[in-house]
Amino acid sequence: MQNRVFGHVDGGDIHEITLRSDNGIEARILTWGAVVRDLSIPTARGRQRVVVGYDTLEDYVADTAYAGAIAGRFANRIRNGRFDLDGRVCQLPLNQDGKHTLHGGGDGQSFSRRPWTLEAHDPSSVAMSLRSPDGDAGFPGNLDVRCVYRLLGPATLQVELAATTDAPTLCNLASHGYFNLELPAGFADAAVPNAIDHEFVAEADFYTPVDDDLIPTGEIRLTSGTPFDFHRQRPLRNPENVTYDIGFVLRRQPLPGNDLVHAGTLFGPRTGMALDVFTTEPHLQLYDGGSFKGPAVGLDGARYGKHCGICLEPQRYPDSPNHRHFSDAVLRPGDTYRQVTEYRFRAS
């Protein structure tokens, strides 16, 4: 375990914590945006990097792709940035094309674009916290958030998120890593393999359709017979050139002894590596990186572009405060928001 100052924002230190597990997994975590900057897995062919990341803090401050960060106070989209909570109408900043709110707001408003406080760390875990004050980006109530990253055996990154409030508010957090299972460590000065050629399976029979602005229509439809049918493993690339920024309604089949459910699996056909996602959340957002707008050059000089990584984001339903039949994202005093998501890697 190593703790170093990665850079400075507004005179404050941003730390990078390096975690290592007994099984050889290594992760580098920043206190800027609670970012997973790097994650590598040992394989029979050597170490393999599996996430998109950047070399400098300046890249993360400039990044608008939310790479590796925790999105909130409300991940995903809210139509017109507007919702009614107990008769109070709240207006949020409109950072998606000046029409809607995405991931809690724009620069300095989303939890992905501000410093977190380092609480504790050991060789294989790190805990950070963040206070979002009443009125922050238009959301009511003080919100105290905690994020814990843990490396578990045999090859798992666990993300645990918790939050409490002193007034009714919304809370919907999501881990926004871009995964590419064909990035060996040391992939220097070259364009990364296109992750749209990965294959995917969703543990879902239904999805939440969206309009042209990617806002849910309020419908819940069967995936069968649609481009969103991932009952069986198949490539994300498709003859219809459908791109994916869509949510799946997960089957609720908790594992024995805990409340995690299998959300989906991503496969890297060139390496044979697989990523299984398990979560407590009811909804999985699949984003294929088709509109990636992060810095063009990343770790070790790797060149990023469209479809450089795949996001698998467990969360509550998008725009849920405007659809009563969607999963509830309201947090009230005395209650605790809790999410546990595990990214479990399998190497051939």
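Tabulated results
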{"read-out": "Where only alpha carbons of region 122-190 are counted, the Rg and the Dmax (Å)", "value": "16.8, 49"}
{"read-out": "Surface per residue (accessible, 1.4 Å probe) for the chain, Å²", "value": "39"}
{"read-out": "Listed residue (Pro209, Ala274, Gly135) projecting farthest to the positive dipole end of the chain, Cβ model", "value": "Ala274"}
{"read-out": "Accessible carbon and sulfur surface of the chain relative to its total accessible area, %, 1.4 Å", "value": "48"}
{"read-out": "Value of Rg to Rh for the chain (Rh from inverse mean 1/r over Cα pairs, i.e. Kirkwood)", "value": "0.94"}
{"read-out": "Solvent-accessible surface ranking, highest first, for Glu58, Glu219, Glu182 at 1.4 angstrom", "value": "Glu58, Glu219, Glu182"}
{"read-out": "Cα Rg over Rh - region 284-348, Kirkwood", "value": "1.11"}
{"read-out": "Scattering curve values for region 167-298, log₁₀ I(q)/I(0), Debye with Cα scatterers, q = 0.10, 0.14, 0.16 Å⁻¹", "value": "-0.38, -0.73, -0.94"}
{"read-out": "Cα-Cα P(r), region 1-149, percent of pairs per 5 Å interval", "value": "2, 9, 18, 19, 18, 13, 10, 6, 4, 1, 0, 0"}
{"read-out": "Region 1-50 - Rg and Dmax from Cα coordinates, angstrom", "value": "12.7, 43"}
{"read-out": "Choice from Gln285, Gln48, Gln233 with maximal GNM fluctuation in the chain (Cα, 10 Å cutoff)", "value": "Gln233"}
{"read-out": "Inter-site label distance for Asp10 and Arg45 at 7 Å from Cα along Cβ, in nm", "value": "4.4"}
{"read-out": "Selection from Gln96, Gly33, Gly108 lying farthest towards where the dipole of region 1-147 points positive, charges on Cβ", "value": "Gln96"}
{"read-out": "Total charge dipole magnitude, the chain, about the Cα centre, Cβ charges on Lys, Arg, Asp, Glu only, Debye to nearest 20", "value": "460"}
{"read-out": "Magnitude of the charge dipole, region 75-176, Cβ model with Lys/Arg +1 and Asp/Glu -1, debye to 20", "value": "320"}
{"read-out": "Selected from Val242, Val210, Val52 as most flexible by GNM, with the chain as the system and alpha-carbon contacts under 10 Å", "value": "Val242"}
{"read-out": "Spatial separation of Cα centroids for region 115-142 and region 221-270, in angstrom", "value": "31"}
{"read-out": "Helix-only mean residue ellipticity at 222 nm for the chain, each DSSP H run of n ≥ 4 adding -39500 (n - 2.57), per residue, nearest 500", "value": "-500 deg cm²/dmol"}
{"read-out": "Student exercise, region 147-266 dipole from Lys, Arg, Asp, Glu Cβ charges, in Debye to nearest 20", "value": "440"}
{"read-out": "Choice from His231, His307, His15 showing the highest fluctuation, given a GNM over the chain with Cα pairs closer than 10 Å", "value": "His231"}
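The values are calculated or read from the model by the stated rules, or taken from the named source; none is laboratory data. All figures in this text were calculated on a predicted structure; none of them were measured in a lab. In this analysis, Cβ positions are derived from the backbone assuming ideal geometry, glycine residues included, and neighbour counts consider all displayed protein chains. SASA here: full protein model, heavy atoms, side chains in, ligands and nucleic acids out. Shrake-Rupley method; radii C 1.70, N 1.55, O 1.52, S 1.80 Å.
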